[in-house]
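A.B. asks: Sharing a structure here in structure tokens format.
The values are calculated or read from the model by the stated rules, or taken from the named source; none is laboratory data. Being a predicted model, the structure only gives us computed values, none of them experimental. Glycine also receives a Cβ, built like all others from the backbone with ideal geometry; neighbour counts cover every protein chain displayed.
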Amino acid sequence: MLLATRVLLLRHGLSTYNVQGRIQGRDDDSTLTAAGAAMARRTGEALDGIHLDAVLSSPLHRAAHTAALVCDARSGATPAIAHDDDLLEVDLEPWSGCSLQQVMERWPQEERIWRAHPEQFTLQRADGSSYQPICELHQQARRFWRRLCQRHQGKTVLVVAHNAILRCVVLAALGLGPERFARLRLNNCALSVLNVQEAGGNGAATVQVESFNSTVHLDPVVTGPQQGGRILLLRHGETDWNRQSRFQGQIDVPLNATGRQQAQQAAAFLRQTPMKRAYSSPMARPRETAELVLEHHAHVPLIPDQGLLEIGHGLWEGKLEEEIQARWPQLLATWKAAPHQVVMPGPGGETIQQVSQRAVAAMERIAQDLVDGDTALVVAHDAVNKVILCHLLGLSPAHIWSVKQGNGGVSVIDYPEGGSGAAIVYSLNLTGHLGGVLDETAAGAL
């Protein structure tokens, strides 16, 4: 395998139009506020020590200024900033500069489509021509992503741009279409990390979302939802078998000292988050993690759910990867390349599709019980969390390697229309509370 490419995606800091509630689009009148500039500097400090091979930025002032402040806040040498027109924000020509209220009054039908189905949204330019902003932006993002991967293979690249274009870049990287646009959120100066593993020969590249929409470097607190309900999806802390890269599956391995510390750090991170209920896999490692988090949330019941059990690895459980390689070389190779084609050998062995069916069903049951303003904690395992997040992102269980889940990592799932409505992946695999903006937890075996 060739060296991995690491892409750090950063939305610009808080702007004047953000504060005023005005539509920005490609309008370049919006500038960073003092608070937005401070956010950019803090982000640069958080990125200090991470080697950057390239810095790419939208040419619009609010993004270019953010990129410059981030680079200035870092110690040592930083590459010159390259401005790229394929990072321009979505073109909303007739709406740019308008308040949301003005848009609702002048374009009521279009505004409803924009909120519900932005990929179907159509506008007319001043010359009378019609265009679909999000579909055009998605094509732009695909073009940018292909070029980035070709030119910066094996490098670490910082990309500074805007809310809509960065969401489309994530979708393009994962091979998802513009119809998933409304299922993602990006905050000002939020960091997202994508890892691209280029296979040698004719193999296809694998894109992994290490984290998405992390603002832990700005504010180490997760608040409650602004509207509807919220689920905090947490992976258990580290075990000795994680550290050894030994397959655990449904063998009941407890947390080690590092795992207990990670659970306590997650507990501190979530301390100010109001919770009504908590759910856990019945196994020791997620249960211990949940119990440590709930020490700060008196009277919140912890409910075990069999649907959240880790994948049954059958005869692989308790074995190191090299032991599995020696006995089942082809099956292990298939597991790494096409996990959906594997039935784990021996008694208790499951498919990833079976895990997805029961885990997604458990998540949907939990979501159904959410009421407005409600937050529930769900603590489970690597494979379980991955299949849940793949489902929410619009990926099949075949794509579990496209999502990273660090020990003690937190993902935030919002249900603005209630538990029976569409879910929004607000944040994915937040590990900043464990130290640093990159996920440094043990890779471990599933």
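A.B. asks: Can you find, within segment 367-384, the residue that is farthest from LEU255 (Cα to Cα) among those that are assigned to a helix (DSSP H, G or I) and in contact with a Gly (Cβ under 8 Å, 6 or more places away or on another chain)? So that I can check it myself, show each step before the final result.
C.D. replies: Quick first cut of segment 367-384, residues assigned to a helix (DSSP H, G or I) only: 367-368, 382-384.
With in contact with a Gly (Cβ under 8 Å, 6 or more places away or on another chain) added as a condition, the list becomes 367-368, 382.
Values: ALA367: 27, GLN368: 30, ASP382: 14 Å.
Only one residue tops the list, namely GLN368.
A.B. asks: While we're here: Any idea which residue in segment 425-443 is surrounded by the fewest Cβ atoms within 10 Å (Cβ to Cβ), counting only those that are among the aliphatic types (A, V, I, L, M) and assigned to a loop (DSSP other than H, G, I, E, B)? Give the steps one after another, and end with the answer.
C.D. replies: The initial filter retains those residues of segment 425-443 that are among the aliphatic types (A, V, I, L, M), namely 425, 428, 430, 434, 437-438, 442-443.
Those still in the list that are assigned to a loop (DSSP other than H, G, I, E, B) too: 437-438, 442-443.
Numbers: VAL437: 20, LEU438: 19, ALA442: 19, ALA443: 13.
Filtering first and then ranking leaves ALA443.
A.B. asks: Take segment 85-113 and flag every residue that is hydrophobic (A, V, I, L, M, F, W, C) and either in a loop (DSSP other than H, G, I, E, B) or within 16 Å of LEU9 (Cα to Cα) (or both).
C.D. replies: Taking segment 85-113 and keeping what is hydrophobic (A, V, I, L, M, F, W, C), we get 87-88, 90, 92, 95, 98, 100, 103-104, 107, 113.
Residues satisfying the conditions are LEU87, LEU88, VAL90, LEU92, TRP95, CYS98, TRP107.
A.B. asks: Can you tell me which of ALA38, ALA67, ALA46 is at pLDDT 95 or above, under 17 Å from LEU218 (Cα atoms), hydrophobic (A, V, I, L, M, F, W, C) and surrounded by fewer than 18 Cβ atoms within 10 Å (Cβ to Cβ)?
C.D. replies: Every option except ALA38 fails the conditions.
A.B. asks: Return the residue satisfying two criteria in turn: it lies in segment 259-272 and is touching a residue at least 60 places away in the same chain (Cβ under 8 Å) and in a helix (DSSP H, G or I), and of such residues it is surrounded by the most Cβ atoms within 10 Å (Cβ to Cβ). I'd like the intermediate steps shown before the answer.
C.D. replies: Within segment 259-272, the subset touching a residue at least 60 places away in the same chain (Cβ under 8 Å) is 259, 262-263, 265-266, 268-270.
Those still in the list that are in a helix (DSSP H, G or I) too: 259, 262-263, 265-266, 268-269.
Values: GLY259: 26, GLN262: 27, ALA263: 27, GLN265: 18, ALA266: 29, ALA268: 15, PHE269: 23.
Among those that are touching a residue at least 60 places away in the same chain (Cβ under 8 Å) and in a helix (DSSP H, G or I), it is ALA266.
A.B. asks: Does GLY13 satisfy the condition of being closer than 20 Å to VAL170 by Cα and either assigned to a loop (DSSP other than H, G, I, E, B) or modelled with pLDDT of 95 or more (or both)? Even if it seems obvious, please write down each step before you answer.
C.D. replies: Working: closer than 20 Å to VAL170 by Cα: yes; either assigned to a loop (DSSP other than H, G, I, E, B) or modelled with pLDDT of 95 or more (or both): yes.
So GLY13 passes the test.
A.B. asks: In segment 59-84, how many residues are over 22 Å from the mean Cα position of the chain (by Cα) and either more than 19 Å from GLY13 (Cα to Cα) or polar (S, T, N, Q) (or both)? I'd like the intermediate steps shown before the answer.
C.D. replies: Residues of segment 59-84 that are over 22 Å from the mean Cα position of the chain (by Cα), as a first pass: 59-62, 64-65, 68-69, 71-84.
From the residues that got through so far, the ones that are either more than 19 Å from GLY13 (Cα to Cα) or polar (S, T, N, Q) (or both) too are 75-80.
Looking only at that region, the number is 6.
A.B. asks: Does at least one position in segment 386-405 carry a residue that is crowded, with 24+ Cβ neighbours inside 10 Å, in contact with a Lys or Arg (Cβ under 6 Å, 6 or more places away or on another chain) and not β-branched (Val, Ile, Thr)?
C.D. replies: yes
A.B. asks: Let me ask you something else. Looking only at segment 333-360, which residues are crowded, with 17+ Cβ neighbours inside 10 Å, farther than 14 Å from GLU317 by Cα and either at pLDDT below 95 or among the aliphatic types (A, V, I, L, M) (or both)?
C.D. replies: VAL342, ILE352, VAL355, ALA359, VAL360
A.B. asks: Now for a separate question. When you go through LEU148, LEU171, LEU123, LEU166 one by one, which is the residue that is modelled with pLDDT under 95 and buried (at least 17 other Cβ atoms within 10 Å of the Cβ)? Walk me through it before giving the result.
C.D. replies: Working: LEU148 fails: modelled with pLDDT under 95; LEU171 fails: modelled with pLDDT under 95; LEU166 fails: modelled with pLDDT under 95.
Selected residue: LEU123, the only one of LEU148, LEU171, LEU123, LEU166 that is modelled with pLDDT under 95 and buried (at least 17 other Cβ atoms within 10 Å of the Cβ).
A.B. asks: Consider VAL412 carefully, then state whether it is crowded, with 20+ Cβ neighbours inside 10 Å, under 18 Å from the mean Cα position of the chain (by Cα), in contact (Cβ under 8 Å) with a residue 40 or more places away in the chain and under 19 Å from GLY175 (Cα atoms). Spell out how you get there, then give the answer.
C.D. replies: Details: crowded, with 20+ Cβ neighbours inside 10 Å: yes; under 18 Å from the mean Cα position of the chain (by Cα): yes; in contact (Cβ under 8 Å) with a residue 40 or more places away in the chain: yes; under 19 Å from GLY175 (Cα atoms): no.
No.
A.B. asks: Under the condition of being under 24 Å from GLU111 (Cα atoms) and free of Cβ contacts under 8 Å to residues at least 60 places away in the same chain, which residue from segment 134-166 is farthest from the chain's Cα centre (by Cα)?
C.D. replies: GLU136
A.B. asks: Scan (1) of a type outside the set (Ser, Thr, Tyr); (2) part of a loop (DSSP other than H, G, I, E, B); (3) without any contact (Cβ under 8 Å) to a residue 24 or more places away in the chain; (4) surrounded by 13 or more Cβ atoms within 10 Å (Cβ to Cβ) for the single condition LEU176 breaks and write down its number.
C.D. replies: (3)
A.B. asks: Turning to a different aspect of this structure: Could you tell me which of the residues GLY224, GLY249 is among the small types (Gly, Ala, Ser), part of a loop (DSSP other than H, G, I, E, B) and not assigned by TED's automatic domain parsing to the domain that holds GLY348? Working first, answer last.
C.D. replies: Working: GLY249 fails: not assigned by TED's automatic domain parsing to the domain that holds GLY348.
The unique qualifying residue is GLY224.
A.B. asks: Right, another one. Considering only segment 281-290, I want to know if a residue exists there that is more than 21 Å from GLN244 (Cβ to Cβ) and in a helix (DSSP H, G or I).
C.D. replies: Within segment 281-290, the subset more than 21 Å from GLN244 (Cβ to Cβ) is 282, 287, 290.
After this cut, where a residue has to be in a helix (DSSP H, G or I) as well, the list is 287, 290.
Yes: one or more hits.
A.B. asks: Also, I was wondering about something else. Exactly one of these conditions fails for ALA64: (1) in contact with a helix residue (DSSP H, G or I) (Cβ under 9 Å, 6 or more places away or on another chain); (2) part of a helix (DSSP H, G or I); (3) among the small types (Gly, Ala, Ser). Give me its number.
C.D. replies: For ALA64, the exception is condition (1).
A.B. asks: Restricted to segment 228-257, and to residues that are over 20 Å from LEU315 (Cβ atoms) and over 24 Å from the mean Cα position of the chain (by Cα), which residue is surrounded by the most Cβ atoms within 10 Å (Cβ to Cβ)?
C.D. replies: This residue is LEU255.
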